[in-house]
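Chemist: Sharing a structure here in structure tokens format.
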Amino acid sequence: MESPLPDLVAKIDSYREEVIAFETQLTKIPALGPENGGDGERDKAEYVTTWVNQYLRPDDLQEYRAPDERVSYGYRPNLVATFCGNTPTSFKKNTKGKSGRTVWIMTHLDVVPPGDLSKWTGDPWTVRVVDGKLIGRGVEDNQQGLTSSVFAVKAYRDLDLIPQHNVGLVFVSDEETGSKHGIQYLLKQHRQLFGRDDLIIIPDAGDTKGTMIEVAEKSILWLKFHTKGKQTHGSAPEHGHNAHKAASHLAVRLDALYKKFGKRDPMFSPPISTFEPTKREANVPNVNTIPGEDVMYFDCRILPNYKIAEVMKTIKALVKEVEKKFKVRIKISFAQHDQAAPPTSPEAPVVQAIIRAMKELRGRRPKPMGIGGGTVAAYFRRAGIPAAVWGTMAETAHSPDEYCLIKNILDDAKIFAHIFSQKL
Ligand SMILES: [Zn+2]
């Protein structure tokens, strides 16, 4: 059989005006979570549902409602649309797309608030088309990936082609504010949706050329050190215990973590774990008082092969030494800690599928990479399902005058269409 790719590519290129119209409609419906002062994603989910039913004719479309009292209608919508593929395994299944390997593309419905309106050059909720760009809140994060995913499927539908494998489109809520009512809910309550052999693509981050595939993250450890000594006059340090001095010694000693946890992993940039003192709270207002209290913070980004617990053990030992030497008490508390999910292997089918499509369509070989911490892909990885974050992005998410290139929407749709056609 001849490759359907040239037809798919041409079809996707013909969607330019439809893509603009779709993005414009999505942007008109601000989907803000309650933490961001909004009433959730329902209206946007309804628009997407209608559109998907009309243009994509899914074999199945379900809405999974995560209860949330904070929005007026009491739930956060999560949409799952599935399309049957061509493989023998998927012929066996019912029309619901529940068995056989599925290629999933997951995007999120919610957006972040526009922020300072004076920094925008127009209304954030009205898409403007300027020099091949769409400008508006959400056009890139995450409507770009969402739009690419639906138009990739549309090309198959319009050409009467059947993808090699089942295809699933997931549109989740609550990504910007913790995912508890989004992908975390789906993975907890409807884990059976996703198989271990499935491919999960999350087009929610990437570089301007699409040459980075995010497959791993560092653990995040934010620590607060509250040192209590004894305040005294600046001229009589012997009457007090200088909390500032003790904490400063601690900050320097903690530099030893770089050596102790010094493994390198070239997949990450920088390729090492980092342990940096960051914020320091104001102490005494005048120069001639020795402070009795000090509060400082560390931001540590730790390679996934180390456990946060082992790092903490070392930190606690160093803290003990400083306490003893300077006669202070140091209380450690977590401002945030998140053990990194196990990385997705660079050999995983989802990574290889993206690389194949990129090589064939763009003549580039993207690199699997790790990032400094925290993406939604981690929830899949923790559930034992390899997931890759990939996209070709202008990288303007959350900024005023957020924009995306129309070309990137179309070109990424072609990559998805290519993946749908691969024998995995
Ligand atoms: Zn996003």
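The values are calculated or read from the model by the stated rules, or taken from the named source; none is laboratory data. No experiment lies behind these values; they were computed from the predicted model shown. When we count neighbours, we look across all protein chains shown, and the Cβ atoms used for this are built from the backbone with ideal geometry, even at glycine. Please note that ligands, DNA and RNA were not included when accessible areas were found on the heavy atoms of the full protein model with its side chains. Shrake-Rupley method; radii C 1.70, N 1.55, O 1.52, S 1.80 Å.
Chemist: Considering only DSSP beta bridges whose two residues both sit in the chain, what percent are antiparallel, to the nearest 5? Please list the in-between numbers first.
Modeler: Working: 49 of 68 bridges.
Looking only at bridges with both residues in the chain, the antiparallel portion is about 70 percent.
Chemist: Counting only C-alpha contacts under 8 Å and six or more residues apart, can you give the relative contact order of the chain as a whole percent?
Modeler: Answer for the chain is 23 percent.
Chemist: Sum -39500 (n - 2.57) across every DSSP H segment of at least 4 residues in the chain, then divide by the residue count to get the 222 nm mean residue ellipticity, nearest 500. Write down the numbers at each step before the final one.
Modeler: Details: 12 runs with 134 residues, N = 424.
Using -39500 (n - 2.57) per qualifying helix, the result is -9500 deg cm²/dmol.
Chemist: First check a/c for segment 349-424, with a ≥ b ≥ c the square roots of the eigenvalues of its C-alpha gyration tensor; if it is under 1.5, answer rounded, and if not, answer prolate when a/b is larger than b/c or oblate otherwise.
Modeler: Details: a/c = 1.98, a/b = 1.06, b/c = 1.88.
Since a/c reaches 1.5 but b/c is at least a/b, the shape of segment 349-424 is classed as oblate.
Chemist: Further question: Check every DSSP H run in the chain and write down those whose alpha carbon atoms cover 24 angstrom or more along the long axis and whose mean Kyte-Doolittle hydropathy is 0.0 or greater.
Modeler: Passing helices, by number: 308-326.
Chemist: If you don't mind, another one. Please give the peptides 303-311, 338-346 ranked by average Cβ packing (other Cβ atoms within 10 Å per residue), highest first, as a rough proxy for protection.
Modeler: By packing density, highest mean first, the sequence is 338-346, 303-311.
Chemist: Counting only heavy atoms of protein chains, what accessible area per residue, in Å², does the chain have with a probe of 1.4 Å?
Modeler: Working: 18740 Å² over 424 residues.
Ligands and nucleic acids excluded, the figure is 44 Å² per residue.
Chemist: Can I ask one more? Sorting check: for 266-276, 146-156, 387-397, which peptide has the highest mean count of neighbouring beta carbons within 10 Å, and how do the rest follow?
Modeler: Details: 266-276: 16.0, 146-156: 25.0, 387-397: 23.4.
Peptide ranking by packing, descending: 146-156, 387-397, 266-276.
Chemist: Let me ask another. Mind listing the long-range amide H neighbours of Lys230? Cut-off is under 5 Å, sequence gap 5 or more, other chains count too, H placed in the peptide plane at 1.01 Å from N.
Modeler: Under 5 Å from the amide H of Lys230 lie the amide H atoms of His241, Asn242, Ala243, each far enough along the sequence or on another chain.
Chemist: What percentage of the solvent-accessible surface of the chain, computed with a 1.4 Å probe over protein heavy atoms, is contributed by carbon and sulfur atoms?
Modeler: Its accessible area is 52 percent carbon and sulfur atoms.
Chemist: Sorted by packing (mean other beta-carbon atoms within 10 Å per residue), highest first, where do 410-418, 73-81, 321-329 land?
Modeler: Top to bottom by mean Cβ count within 10 Å: 410-418, 73-81, 321-329.
Chemist: Which ³J(HN,Hα) values, rounded to whole Hz and listed in residue order, are derived for segment 196-203 from phi using the Karplus coefficients 6.51, -1.76 and 1.60 in 6.51 cos²θ - 1.76 cosθ + 1.60 with θ = phi - 60°, glycine and proline given as x?
Modeler: Coupling constants for segment 196-203: 5, 8, 5, 9, 10, 10, 10, x Hz.
Chemist: When 1/r is averaged over all different Cα pairs and the result inverted, which Kirkwood radius in Å belongs to the chain?
Modeler: 23.5 Å
Chemist: What is the ratio of the Cα radius of gyration of segment 186-343 to 2.2 N^0.38 Å, with N the residue count, to two decimals?
Modeler: In units of the globular-protein estimate, segment 186-343 measures up at 1.38.
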